[in-house]
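Data first, discussion second: the structure below is written as structure tokens.
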Amino acid sequence: MKDQLGQIVRFGLVGGVNTATFFGIYLLLHPWMPYFAAYSLAFVLSMVGSFFMNTYFTYRTRPTWKKFLLFPLTNVTNYVIQSVGLYALVTWAGMDTRIAPLVAAVVAIPFTFVLSRKILVPGAARAAQAQAEPVPSGKSTV
């Protein structure tokens, strides 16, 4: 449980750095291209940085080509949630296109944590489930 709490805290720190990186790239690209194209390119570039920060710092595991190739799958959900959120915030809520990506990113955080942990720490879900299961009475855990 302590290890998972540490992962959540480190994930939050990495998420903050990654969000700042994404937002900085987005703001640099925004004047030169349509907002959604700038958003998409900033998302892809920050995702590569996110992979390395999460493997080394958050989950303390080694990056592999397999994880690198699977990592974008975890971000597909994130991308869809953020994209729908961005569109809704800009189109329906009238939010400024410079702020809306940040709000949409916050909504996607819990989904991204769960999915990235499943990819970057194989067996983590099974280990967490085994820890949560009660020990039948009369059985020793040692």
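Consider the candidate values (1) 342; (2) 140; (3) 120; state which one is volume of the Cα convex hull per residue in Å³ computed from the structure displayed.
(3)
Leaving ligands, DNA and RNA out of it, work out the accessible area of residue 56 with a 1.4 Å probe and give it in Å² to the nearest 10.
We get 140 Å² for residue 56.
Determine the calculated [θ] at 222 nm for the chain from helices alone, applying -39500 (n - 2.57) to every DSSP H run no shorter than 4 residues and normalising by the residue count; nearest 500 deg cm²/dmol.
Details: 5 runs with 100 residues, N = 142.
That comes out to -24000 deg cm²/dmol.
Averaging sequence separations of C-alpha pairs under 8 Å and six or more residues apart, then dividing by the length of the stretch 1-61, give the relative contact order as a whole percent. Mind dumping the intermediate values first?
Details: 35 pairs, mean separation 27.9, N = 61.
Relative contact order here is 46 percent.
Among the helices of the chain (complete DSSP H runs), which have Cα atoms covering no less than 20 Å along the helix axis and a Kyte-Doolittle mean of at least -1.0?
For the chain, where a helix must reach 20 Å along its axis and average at least -1.0, the hits are 2-29, 35-53, 65-87, 100-120.
Just in the stretch 44-106: which trypsin sites (Lys or Arg not before Pro) are loop by DSSP and have at most 12 other Cβ atoms within 10 Å?
Qualifying residues, ordered by number: 98.
Can you pull the percent of the chain's accessible area that's carbon plus sulfur, 1.4 Å probe, other chains left in place?
72
For the chain, what relative contact order do you get, as a whole percent, if you take Cα pairs closer than 8 Å and at least 6 residues apart?
23
The values are calculated or read from the model by the stated rules, or taken from the named source; none is laboratory data. Bear in mind that the values here come from a model prediction, so they are computed numbers and not experimental data. All Cβ positions, glycine included, derive from the backbone under ideal geometry; neighbour counts span all protein chains shown. In case anyone asks, the SASA skips ligands and DNA or RNA and just uses the protein heavy atoms, side chains included. Shrake-Rupley method; radii C 1.70, N 1.55, O 1.52, S 1.80 Å.
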